[in-house]
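For reference, the structure discussed in these notes is given below.
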Amino acid sequence: QQRVAIARAIANSPSLLLLDEPLSNLDAKLRLDMRSEIKRLHEDLGTTIVYVTHDQVEAMTMGTRIVVMKDGLIQQVDTPQNLYDNPVNLFVAGFIGTPQMNFLNCVLEKQGNDVYVKFGADSLKLPAEKVTDAVLEYVGKEVVMGVRPECIHDEPMYLSSMPESVIETDVEVTELMGAEIYLYLVAEEQNMIARVSSRSKARAGDVIKVAIDMSRIHLFD
């Protein structure tokens with residue numbers, strides 16, 4: 001019925017097509033097929049489509065511009081890639097991306113000309129390009145550091161090349177996804193998820209060191 005309704009709407013050659021969760025009642029495989037089909041139709045017809053969805057994967061894969069809303073208020077309007085790379089607040093950062101971004105409570109510290117993110121007993125150095133005037137205003141204050149799962153690495157090459165961003169973590173759970181592994185970690189009593197290579201030797205119960213790519217972290221007040 002959903003697909004027939006979409007076809008009937010398209011058949012009228014509208015200048016604007018409004019779709020409200022058109023794939024919500026389909027099974028996972030059919031939803032994947034329909035995502036690509038609607039995207040192809042959009043390119044072929046050239047019709048403007050306003051598409052409402054709660055599924056951020058649908059928004060990221062199909063949208064050319066995304067309006068992220070919360071409680072009826074617009075949080076950010078941007079391209080999918082900019083939403084992912086430069087979220088303006090915690091809600092957008094947590095909503096876009098699977099698994100979602102890790103949020104870690106930290107304190108900013110200044111040591112000489114360098115700024116560090118104090119995370120429990122560990123101090124992680126901020127790259128020079130991240131030390132902006134806005135960041136300097138928060139020195140000595142608590143902030144939230146956002147780290148995407150793919151920016152946490154357990155490979156030896158990263159541990160050796162990023163010595164100033166290495167922390168020790170406990171592995172609670174591992175999930176093998178085929179091409180990658182999700183590591184559910186605890187560090188300084190804070191939870192985080194790392195998305196690492198399927199070649200990772202980490203297992204539940206291990207204590208491992210991971211390196212955080214500080215050039216790709218986000219700081220929120």
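Of note:
- Looking only at segment 118-135, residues that are farther than 23 Å from F91 by Cα, part of a helix (DSSP H, G or I) and either of a type in the set (A, V, I, L, M, F, W, C) or without any contact (Cβ under 8 Å) to a residue 40 or more places away in the chain (or both) come to 2 in all.
- Inter-residue pairs, beta-carbon under 7 Å, first closer than 16 Å to N12 by Cα and in segment 42-53, second open to solvent by less than 70 Å² (accessible area, probe 1.4 Å) and assigned to a loop (DSSP other than H, G, I, E, B), 6+ apart: T47/P14
- Positions within segment 113-131 being of a type outside the set (D, E, K, R) and open to solvent by 60 Å² or more (accessible area, probe 1.4 Å), in sequence order: N113, A121, A128
- Count - residues of segment 62-110 that are part of a loop (DSSP other than H, G, I, E, B) and either open to solvent by less than 40 Å² (accessible area, probe 1.4 Å) or not β-branched (V, I, T) (or both): 12
- Of all residues making up segment 14-41, the number that are open to solvent by 90 Å² or more (accessible area, probe 1.4 Å), in contact (Cβ under 8 Å) with a residue 12 or more places away in the chain and over 25 Å from the mean Cα position of the chain (by Cα): 3
- Count - residues of segment 197-221 that are part of a loop (DSSP other than H, G, I, E, B), of a type in the set (V, I, T) and open to solvent by 20 Å² or more (accessible area, probe 1.4 Å): 0
The values are calculated or read from the model by the stated rules, or taken from the named source; none is laboratory data. Since we're looking at a predicted model, the values are computed, not measured. Cβ atoms come from the backbone with ideal geometry, glycine included; neighbour counts cover every protein chain shown. Accessible surface areas use protein heavy atoms only, side chains included; no ligands, DNA or RNA. Shrake-Rupley method; radii C 1.70, N 1.55, O 1.52, S 1.80 Å.
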